[in-house]
1. Give the range 153-190 a look and list any residue that's part of a loop (DSSP other than H, G, I, E, B) and either open to solvent by 40 Å² or more (accessible area, probe 1.4 Å) or among the hydroxyl-bearing types (Ser, Thr, Tyr) (or both), or say none.
2. Give just the number: which of (1) assigned to a helix (DSSP H, G or I); (2) open to solvent by less than 30 Å² (accessible area, probe 1.4 Å); (3) under 22 Å from residue 281 (Cα atoms) does residue 110 not satisfy?
3. Would you be able to say whether some residue in the range 36-45 is open to solvent by less than 50 Å² (accessible area, probe 1.4 Å), assigned by TED's automatic domain parsing to the domain that holds residue 25 and among the charged types (D, E, K, R)?
4. Within the range 110-150, track down each residue that is free of Cβ contacts under 8 Å to residues at least 60 places away in the same chain and polar (S, T, N, Q).
5. Any residue in the range 11-21 that is part of a loop (DSSP other than H, G, I, E, B), within 16 Å of the ligand (Cβ to nearest atom) and open to solvent by 60 Å² or more (accessible area, probe 1.4 Å)?
6. Kindly establish whether residue 204 is open to solvent by less than 10 Å² (accessible area, probe 1.4 Å) and either part of a loop (DSSP other than H, G, I, E, B) or under 23 Å from residue 110 (Cα atoms) (or both).
7. Of the conditions (1) more than 16 Å from the ligand (Cβ to nearest atom); (2) over 30 Å from residue 323 (Cβ atoms); (3) surrounded by 14 or more Cβ atoms within 10 Å (Cβ to Cβ), residue 128 satisfies every one except a single condition; which number is it?
8. Inspect the range 68-78 for any residue being open to solvent by less than 60 Å² (accessible area, probe 1.4 Å), under 30 Å from residue 155 (Cβ atoms) and more than 25 Å from the chain's Cα centre (by Cα) and give the result as yes or no.
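The values are calculated or read from the model by the stated rules, or taken from the named source; none is laboratory data. Just so you know, these numbers come straight off a predicted model, no measurement behind them. Please note: Cβ atoms are built from the backbone with ideal geometry, for glycine as well, and neighbour counts cover all protein chains shown. Accessible surface areas use protein heavy atoms only, side chains included; no ligands, DNA or RNA. Shrake-Rupley method; radii C 1.70, N 1.55, O 1.52, S 1.80 Å.
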Amino acid sequence: MSTKPQINVIVRLEDDLQAQLEAACNVRYLDFDASRADLLAAMQDAEGILLSPRVRGDAEFFDASPKLRVLSTTSVGYDPFDIPEATKHGVVVCHTPGVLTDAVANLTTSMVLNLALRIFENEAYVRGGGWAQNAPRPELGLDTKGKTFGVIGFGRIGQEVTRRMQALGMKTIWYDVFDTPHPAAPPSEFRPLEALLAESDFVSLHTNLDDSSHHLIGAAELATMKPTAYLINTARGGLVDQAALTQALQNGAIAGAGLDVLEKEPPTANDPIYTLPNVICFPHIGSATHETRRAMRELAVENLLAVLAGKRPPAPVNPEVLG
Ligand code: DGY
């Protein structure tokens, strides 16, 4: 009988990563669209699971996983997993911080430049024959130099975005639940949330989603922003009250938004937000480069194998479980 631990894998992996797992574990590959009942049944004997944040890890999930020691997600965000429940069940949750910082900072930068320079409007104008017909052009864009960029959430990604925005000539300010930045953070001024919202020409969200940050940006916060300001969200849809944002964008309370995340993903077919003329919306692609996704899967495999081998994983969310 095999003494290897049983694990479930519910993400697609490259052959070499599969081989790495199979050398150390009995691997059960679950269908990406496995039903909840099939997933829970497969958790009965599993000591580890490698998954994406599309799977919900709530009390029911942990109750159905009596042997589980490690849940390793191929994401930095761990909002779909109930961490206190995992800790109560003795399960180490691991994630992938650091390896996607540049990719998300690049996407954020692209949104800022696209909004400022009206790149999408101009491209649609040319593609739609507007230039060929010598039709009136879209409005002029904005310079970034001298504008103020407000970062909400001054962790790895918020700091990297700050560096890029400083390179674009912007004054940067930041808000976080803590007011002392990491020693390696770029020089940038702290502001209380309300002051940051009132002062910024661009407000960009880079914070975790949890109970305390749910709808951090609602009607009151949007009303505090300048009518000429833009909101960028490449973090989590739930940070923003989307109904309030839709209204603010429709009535001109703010100038526009760049969104890589929505409250409901994928959105419903009749969700107005992604067709508004002052919105650019991407389908949650912040980390979607070949190199970054590969690095995330590698780190997720490393996290899982370390816990199963009784070692400290590189990126635990609840290290207290490790003792
Ligand atoms: C993350 O890593 O959290 C990205 O948003 C992908 O889900």
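1. Within the range 153-190, 168, 177, 178, 179, 180, 181, 182, 183, 184, 187, 188 qualify.
2. (2)
3. No: zero hits.
4. Once the filter is applied, which keeps residues that are free of Cβ contacts under 8 Å to residues at least 60 places away in the same chain and polar (S, T, N, Q), the range 110-150 yields 110, 122, 133, 134, 144, 148.
5. There is at least one residue in the range 11-21 that is part of a loop (DSSP other than H, G, I, E, B), within 16 Å of the ligand (Cβ to nearest atom) and open to solvent by 60 Å² or more (accessible area, probe 1.4 Å).
6. yes
7. In the conditions (1) more than 16 Å from the ligand (Cβ to nearest atom); (2) over 30 Å from residue 323 (Cβ atoms); (3) surrounded by 14 or more Cβ atoms within 10 Å (Cβ to Cβ), residue 128 misses (3) alone.
8. The answer is yes, given that some residue of the range 68-78 is open to solvent by less than 60 Å² (accessible area, probe 1.4 Å), under 30 Å from residue 155 (Cβ atoms) and more than 25 Å from the chain's Cα centre (by Cα).
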